Amino acid sequence: MAAFNPGWLDRRIKLLSFTSSQDPDNGEVTQAWFTLATVWAAKWQLSAKEVDRASATTATAELKFLIRYREDVTTDMRVECAGVQYVITGVAEYGRRQGLNLFARVA
């Protein structure tokens, strides 16, 4: 494993968390994604494929983002990069709390 190099972090991404709240007046529940943090990241394309099932073409992409270490990132969150949202499918520590690898696919 290579030493963590902050120069790799060349993209701004948003870490999104899901929240729900209830309006005290009418009891309506509102659910939405909100920006927990905006951080610098490196991005690597792991795979991309198109699947044609019964004339309905779908595209999937799997990526890896590297960010500085944080303790609050989970697979219940999303990443937004260049206007595209990705579901976090895995979180792995990089080095000794130097960074986090976020494995993701298009939401």
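The values are calculated or read from the model by the stated rules, or taken from the named source; none is laboratory data. It should be emphasised that the depicted structure is a prediction, and the values quoted were computed from it without experimental measurement. Every residue, glycine as well, gets a Cβ built from its backbone with ideal geometry; the counts of neighbours run over all protein chains shown. SASA here: full protein model, heavy atoms, side chains in, ligands and nucleic acids out. Shrake-Rupley method; radii C 1.70, N 1.55, O 1.52, S 1.80 Å.
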Order the peptides 26-35, 75-84 from the highest to the lowest mean number of other Cβ atoms within 10 Å of their residues.
-> 75-84, 26-35
For the chain, report the accessible area per residue in Å² (1.4 Å probe, heavy atoms, rounded to an integer).
-> 66
Give the residue from SER47, SER17, VAL84 lying farthest towards the positive end of the charge dipole for the chain; charges sit on Cβ (+1 for Lys and Arg, -1 for Asp and Glu) and the dipole is referred to the Cα centre.
-> SER47
Considering every pair of different Cα atoms, what Kirkwood radius, in Å, is found for the chain?
-> 15.3
Using only alpha carbon pairs under 8 Å that are at least six residues apart, calculate the relative contact order of the chain and give it in whole percent.
-> 25
Anyone know which of ARG96, ARG12, ARG68 comes out most mobile in the 10 Å Cα GNM of the chain?
-> ARG96
Report the full-extension gain for the segment TRP44 to ALA82: residue separation times 0.36 nm, less the Cα-Cα distance, to one decimal in nm.
-> 12.3 nm
Near TRP44, within a Cβ-to-Cβ distance under 15 Å, what is the net charge of the other residues, with Lys and Arg +1 and Asp and Glu -1?
-> +2
In nanometres, what is the gap between the two model label sites at ALA61 and VAL91, each 7 Å from Cα along Cα-to-Cβ?
-> 2.3
With LEU15 itself left out, Lys, Arg at +1 and Asp, Glu at -1 over residues whose Cβ is under 9 Å from its Cβ give +1
